[in-house]
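Novice: One structure coming up, written as structure tokens, with questions to follow.
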Amino acid sequence: MSTIEQSTMTAEQLLAAPGLGRCELIRGELIMMSPTGGEHGRLLTMLAARLFGFVEPRNLGAVYSGDPGFLIARDPDTVRAPDVAFVRAQRVPPEPVRGYFEGAPDLAVEILSPHDRATDVLDKVHRWLDAGCLIVWVVDPERRTVTVYEAPDRAVTLAEEGELSGGDLLPGLRLPVAEVFAL
């Protein structure tokens, strides 16, 4: 990630500047991100489809994918964009969200890219949890693992023989980690 501007930006200014490309806003600082690769896109699609297929028929809430913006802090503003997100039904506004979703998702899924630094990923996980996110899944295509965070100091890393669970958030959801990485 690299910064391109020194002045503080607001969420409203970011939303009004769609030509910037893939980026996030961290404490008012614009952070540019490279486009993702093919494997990343495939994993994102598979995870979003699996979550949607579980959530939708049960009316549990909404699944968002493709770097949707979540406004998780103000003054200075922070807008983060998970790869995939889930928001419980009681938190989904009755009308479509035209701008950024106010607050953190209940589940944020982050898929690692080859250039991601461990410190940046942990910072992102902590920001999600601090903003009220209940669970963060960090998908590591290189190691073929998924690390589940429910608190900054509580993480479980699941290898391919493990199984993702929806816990209290998505009761009944079971997703073998091997299926996450299946071709």
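Novice: Can you show me the helix-derived [θ] at 222 nm for the chain, built from DSSP H runs with n ≥ 4 at -39,500 (n - 2.57) apiece and divided by the number of residues, rounded to the nearest 500.
Specialist: Numbers: 4 runs with 43 residues, N = 183.
Calculated at 222 nm, the ellipticity per residue is -7000 deg cm²/dmol.
Novice: Taking every Cα atom in the range 27-183, find the radius of gyration and the maximum pairwise distance Dmax, and write them in Å.
Specialist: Every Cα atom of the range 27-183 included, Rg and Dmax give 14.8, 44 Å.
Novice: Can you pull the three principal axis extents for the Cα set of the range 123-183, in Å, largest first?
Specialist: Principal-axis extents of the range 123-183 (Cα, largest first): 34, 27, 17 Å.
Novice: Considering only Tyr149, Leu129, Val87, whose Cα is most displaced toward the positive end of the charge dipole of the range 36-180, charges sitting on Cβ of Lys, Arg (+1) and Asp, Glu (-1)?
Specialist: In the range 36-180, that residue is Val87.
Novice: When the dipole is taken about the Cα centre of the chain, and only Lys, Arg (+1) and Asp, Glu (-1) are charged at their Cβ, what size is it in debye, to the nearest 20? Could the numbers behind the result be given before it?
Specialist: Details: 17 positive and 27 negative charges, 60 e Å.
The dipole magnitude comes to about 300 debye.
Novice: What does the convex hull of the Cα atoms come to per residue for the range 92-163, in Å³?
Specialist: Details: hull volume 8.2 nm³, N = 72.
Measuring per residue, one finds 114 Å³ for the Cα hull of the range 92-163.
Novice: From the phi of every residue in the range 48-63, what ³J(HN,Hα) in whole Hz does the Karplus formula 6.51 cos²θ - 1.76 cosθ + 1.60 yield, where θ is phi - 60° and glycine or proline is x?
Specialist: Coupling constants for the range 48-63: 5, 5, 5, 5, 4, x, 8, 6, 4, x, 9, 6, 7, x, 10, 10 Hz.
Novice: Principal axis lengths of the range 1-92 from Cα atoms, whole Å, largest first?
Specialist: 45, 33, 17
Novice: Sorted by average packing, counted as other Cβ atoms within 10 angstrom per residue and highest first, what order do 131-142, 89-100 take?
Specialist: Values: 131-142: 19.2, 89-100: 10.7.
Peptide ranking by packing, descending: 131-142, 89-100.
Novice: Which number do you get for Rg(Cα) / (2.2 N^0.38 Å) in the range 63-116? List each step's numbers first, then the result.
Specialist: On the way: Rg = 11.7 Å, N = 54, 2.2 N^0.38 = 10.0 Å.
Compactness ratio reported: 1.17.
Novice: Then there is this: Picking from Ala159, Ala17, Ala49, which is most flexible by a Gaussian network model of the chain using Cα springs under 10 Å?
Specialist: Checking each option, the largest mean-square fluctuation is seen for Ala17.
Novice: Work through the residues other than Gly53 whose Cβ is under 14 Å from its Cβ and net out their charges, Lys, Arg +1 and Asp, Glu -1.
Specialist: Values: positive: Arg50, Arg58, Arg174; negative: Glu56, Glu179.
Local net charge: +1.
Novice: Something else: Determine the distance separating the Cα centre of the range 9-50 from the Cα centre of the range 69-90; give it in Å without decimals.
Specialist: What the calculation gives is 12 Å, centre to centre.
Each reported figure results from applying straightforward, stated rules to the coordinates on display, with no laboratory input. No experiment lies behind these values; they were computed from the predicted model shown. For neighbour counting, all protein chains shown are included, and Cβ atoms are generated from backbone atoms with ideal geometry for every residue, glycine included.
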